[in-house]
Structure formats: structure tokens, C-alpha cells
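**Q** This is the structure I want to talk about, given as C-alpha cells.
The values are calculated or read from the model by the stated rules, or taken from the named source; none is laboratory data. Just so it is clear, the structure is predicted and the values come from calculations on it, not from any experiment. Here the Cβ is made from the backbone with ideal geometry for all residues, glycine too, and neighbour counts use every protein chain on show. For accessibility, only protein heavy atoms count, side chains too; no ligands or nucleic acids. Shrake-Rupley method; radii C 1.70, N 1.55, O 1.52, S 1.80 Å.
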Amino acid sequence: EPEVTQTPSHQVTQMGQEVILRCVPISNHLYFYWYRQILGQKVEFLVSFYNNEISEKSEIFDDQFSVERPDGSNFTLKIRSTKLEDSAMYFCASSDGLGGLDTQYFGPGTRLTVL
Amino acid sequence: GQNIDQPTEMTATEGAIVQINCTYQTSGFNGLFWYQQHAGEAPTFLSYNVLDGLEEKGRFSSFLSRSKGYSYLLLKELQMKDSASYLCAVRDRGATNKLIFGTGTLLAVQP
């Protein structure tokens, strides 16, 4: 069964450093998302991406964040200068955008720890 | 504003039935999803409702009342492996279809 994959599974970085989190969405999916979950809190929407551009972003997704689909398979989230409060689990999700169900399938996540 | 409420924790016994409630007040609505999340893992899709009524899927059923802003997830014949968080999520109306999640209900299944 096709699945969303993410690398790395864990990332530890120093405050102020740049990190790039990588995702490979399901191959025939058209819509891509990043969500984050701070430990013990709810899953929060960060950004959605369709047709090679951002379709919506949340208040969390400020100028320090960017997304890119550099080729036909990868979808990346970059945090330019990490802060302590960026420590969270980051989930990539994708959906086919077809029909009413349009279920979002989540990857296993990248646990980001900012020291 | 966006508000999705679920009980924080529930406990149930193996073999029993449990109902997890979710109430929502959101600016847009285009369906309600239930996901299961084991600790440290990704949410996995369980069930979806866009029209009022009951959707059954094996041991899991989900109910929706749009006029009341209410949904529940029913788990039957509970197994120990059902111990997890259950997330209620409303899909926003619009081009992005983003999901707005509740805080989740941590279910502990006891022998």
C-alpha cells in the first residue's frame, strides 16, 4: 500500500540553525500539507501546497518557514533560523484531491528538537 | 473562531464498547474525520462523515449531526491495541481542505 515517507525521523539542531525536513508524498496525490504537533498538544495546520504553490498558510507559518517541491517526488519544509519553540513533531500529509472523501494520509513524522 | 472539543481521557475494558464524543464550532465545514494516533506515531485515518448519520466500518462507527455540531466515534469489542489517542478533525471548506484538529481523547483499554 502506498504511503507517505519522511526523513529524518529525528533531527536535533542548535537554535538559529537552518533545518530542512523532507517528505515523499504518495505518488498520484496532488495536495500536500505540513502539520506540527508540540508534545502533549494538538495537531496544528502549517501550510498547504497545490500546483507548485502555497494555497494556504497558518499564522505559525511566518517568514522563517518555506516549502518547496524541488522535483516530482519530494516536498520539503525549511525552517531558516530555528527557535526553541519550533521543537515539535512535524507531519507531512498528502491527498488526491478527488471526490468528496479526499482523505489526508500522514507520514510517520520528523521529531525536531531545538537546543 | 475554530473550536473542537473532545474529552481528554477515557478508560474502558477489553471487549466493551466505548463512545468518544466531539463537538465543533468552525467557520467552515466540509466533513469530519476521525484519526487514531498511537504515542509518537502519525495519525492514521479511521472514519469520515460529511452527511448526517452513521457510518460503519468494522469495529468502528462514526456519527454526525451537522445541526448540532456533534460527532461521535464508537469502538466495539475493544482490544488492548485500541489504546491510543483518537483525534476528531474538521475539514475546512475551501480550496485547501486543511484539517482542524481537536486535542484528542486518550483512550486506555484495561484487561
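**Q** Looking at region A:57-115 only, could you name the residues that are of a type outside the set (A, V, I, L, M), over 18 Å from residue A:3 (Cα atoms) and under 12 Å from the mean Cα position of the chain (by Cα)?
**A** Within region A:57-115, A:57, A:61, A:65, A:66, A:68, A:78, A:111 qualify.
**Q** Then there's this: For region A:35-80, give me each residue that is aromatic (Phe, Trp, Tyr) and part of a loop (DSSP other than H, G, I, E, B).
**A** Correct list: A:61 only.
**Q** So if I check each of A:64, A:11, which one is open to solvent by 20 Å² or more (accessible area, probe 1.4 Å), away from chain B (no Cβ under 14 Å) and free of Cβ contacts under 8 Å to residues at least 40 places away in the same chain?
**A** A:64
**Q** Examine region A:87-106 for a residue that is outside any strand (DSSP E or B), in contact with a His (Cβ under 7 Å, 6 or more places away or on another chain) and surrounded by fewer than 18 Cβ atoms within 10 Å (Cβ to Cβ), and state whether such a residue exists.
**A** Looking through region A:87-106, at least one residue is outside any strand (DSSP E or B), in contact with a His (Cβ under 7 Å, 6 or more places away or on another chain) and surrounded by fewer than 18 Cβ atoms within 10 Å (Cβ to Cβ).
**Q** Output the qualifying pairs, or none if there are none: Cβ atoms under 8 angstrom, residues six or more apart or on different chains, first residue in region A:74-92 and within 23 Å of residue A:31 (Cα to Cα) and away from chain B (no Cβ under 14 Å), second residue part of a strand (DSSP E or B) and of a type in the set (D, E, K, R).
**A** Pairs found: A:74/A:22; A:75/A:22; A:75/A:68; A:76/A:22; A:76/A:68; A:78/A:68.
**Q** Could you pull out every one of the strands (runs of 3 or more DSSP E) wholly within region B:4-63 that has 2 or more residues that are among the aliphatic types (A, V, I, L, M)?
**A** Hits in region B:4-63: B:9-13, B:18-25.
**Q** Any idea which residue in region B:81-96 is surrounded by the most Cβ atoms within 10 Å (Cβ to Cβ), counting only those that are of a type in the set (Ser, Thr, Tyr) and more than 8 Å from chain A (Cβ to nearest Cβ)?
**A** For region B:81-96, the residue satisfying everything is B:86.
**Q** Just a yes or no: is a residue in region A:22-34 without any contact (Cβ under 8 Å) to a residue 60 or more places away in the chain, in a loop (DSSP other than H, G, I, E, B) and over 10 Å from the mean Cα position of the chain (by Cα)?
**A** The answer is yes, given that some residue of region A:22-34 is without any contact (Cβ under 8 Å) to a residue 60 or more places away in the chain, in a loop (DSSP other than H, G, I, E, B) and over 10 Å from the mean Cα position of the chain (by Cα).
**Q** Within region B:20-42, is even one residue β-branched (Val, Ile, Thr) and over 14 Å from residue B:101 (Cα atoms)?
**A** yes
**Q** Let me ask another. Anything in region A:25-56 that is open to solvent by less than 50 Å² (accessible area, probe 1.4 Å) and more than 10 Å from chain B (Cβ to nearest Cβ)? List them, or say none.
**A** A:25, A:26, A:29, A:32, A:34, A:36, A:38
**Q** I'd like to know if region B:41-52 contains one or more residues that are touching a residue at least 24 places away in the same chain (Cβ under 8 Å), more than 12 Å from chain A (Cβ to nearest Cβ), under 22 Å from residue A:43 (Cα atoms) and among the hydroxyl-bearing types (Ser, Thr, Tyr).
**A** Looking through region B:41-52, none of the residues is touching a residue at least 24 places away in the same chain (Cβ under 8 Å), more than 12 Å from chain A (Cβ to nearest Cβ), under 22 Å from residue A:43 (Cα atoms) and among the hydroxyl-bearing types (Ser, Thr, Tyr).
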